[in-house]
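Some notes on the structure that comes next.
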Amino acid sequence: MSEPVFLIFGKTGWIGQLVGGLLQEMGAKFEYATARLEDRSAVLADIERVKPTHVLNAAGLTGRPNVDWCESHKVETIRVNVVGCLTLADVCLTKNIHMTYYGTGCIFHYDDNFPMNSGKGFKENDQPNFTGSYYSYSKAIVESLLKEYPNVLTLRVRMPIVPDLVYPRNFITKIIKYDKVVNIPNSMTVLPELLPYSIEMAKRKLTGIMNYTNPGCISHNEILELYKQYIDPEFTWQNFTLEEQAKVIVAPRSNNLL
Ligand SMILES: NC(=O)c1ccc[n+]([C@@H]2O[C@H](COP(=O)([O-])OP(=O)(O)OC[C@H]3O[C@@H](n4cnc5c(N)ncnc54)[C@H](OP(=O)(O)O)[C@@H]3O)[C@@H](O)[C@H]2O)c1
């Protein structure tokens, strides 16, 4: 079998950077794409240039400073997260290339069928039940369409955690900076543990959907207690309810056990 060649979309992004670093450490052949996802001819040109055996799609609109941005930029969100992602998957299929998509598990929410603290989690074949934010809505749509593509592996990433607290999107860094924080158990993705598996899964050309999280769930307070124990003994925080949280954000957020 010939040596795998990876083409990564998401050069400037958090996960794209981490995946590139990982491939570099492994001594694997890879390049970053230059195309915008929705520009089919530019995507084709990248593929002609790099001739990848595998595409890793870590590109997407996540919103800045947070996903609330997507509420007021719906067309841009559709263009990248739906049209762009599908364009890339479709080009890869026509060229017989495997695509790994770093998607999201923020398309599920506790409800009467999946109550919080029940131990009953959402499985890979469950239908998304959270479309409360436009970001999640776009991601639920694209996941449901992508699953028809036989060349695509969809990884449901959630609340990513890394050891280095300088990353503002690190879930730990996020919640230690909030004035008030809700306290809900969630499934999360410890990136340094799980990202190497995504490379291995890509190499094996696995396809379909995977709840790409560490086992079980952990609550905000459990994380903050660990932070206090190991990092900053003086750290204090205040909790608030989901109803109070709703007053300081635009769109609802999902909480789930995958
Ligand atoms: N971070 C999280 O909390 C989190 C949680 C769950 C899932 N995810 C998912 O994981 C994936 C990567 O997330 P991330 O945190 O690494 O995101 P990020 O740091 O916001 O990076 C997004 C990347 O996508 C690129 N991009 C945006 N629009 C593009 C377009 N039209 N064409 C090509 N590239 C485009 C950006 O490039 P430019 O700078 O050039 O625009 C950037 O490199 C996303 O699908 C996200 O939904 C993230």
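The values are calculated or read from the model by the stated rules, or taken from the named source; none is laboratory data. What you see is a predicted model, and the numbers here were worked out from it, not measured in a lab. We place every Cβ from the backbone using ideal geometry, glycine too, and count neighbours over all the protein chains shown. Surface accessibility is based on the protein's heavy atoms, side chains included, excluding ligands, DNA and RNA. Shrake-Rupley method; radii C 1.70, N 1.55, O 1.52, S 1.80 Å.
Per-structure values
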item: All positions within segment 12-38 that are in a loop (DSSP other than H, G, I, E, B) and under 22 Å from the mean Cα position of the chain (by Cα); result: 12, 13, 33, 34, 35, 36, 37, 38
item: Count of segment 58-73 residues which are in a helix (DSSP H, G or I), touching a residue at least 40 places away in the same chain (Cβ under 8 Å) and within 11 Å of the ligand (Cβ to nearest atom); result: 2
item: In segment 137-187, the residues that are under 17 Å from the mean Cα position of the chain (by Cα) and of a type in the set (Asp, Glu); result: 143
item: Cβ pairs under 6 Å, 6+ apart, first in segment 178-198 and β-branched (Val, Ile, Thr), second assigned to a helix (DSSP H, G or I); result: 181/175; 181/220; 182/242; 182/245
item: Residue list for segment 131-141, restricted to those being surrounded by fewer than 24 Cβ atoms within 10 Å (Cβ to Cβ) and assigned to a helix (DSSP H, G or I); result: 134, 137, 140, 141
item: Of all residues in segment 46-57 being on the phi < 0 side of the Ramachandran plot and more than 13 Å from the ligand (Cβ to nearest atom), the one that is most open to solvent (accessible area, probe 1.4 Å); result: 49
item: Candidate set from segment 1-45 (those that are buried (at least 21 other Cβ atoms within 10 Å of the Cβ) and closer than 19 Å to residue 94 by Cβ); member that is farthest from the ligand (Cβ to nearest atom); result: 6
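Residue-wise test of (1) within 30 Å of residue 94 (Cα to Cα); (2) at pLDDT 95 or above.
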residue	(1), (2)
129	no, yes
132	no, no
139	yes, yes
142	yes, yes
148	yes, yes
156	yes, yes
170	no, yes
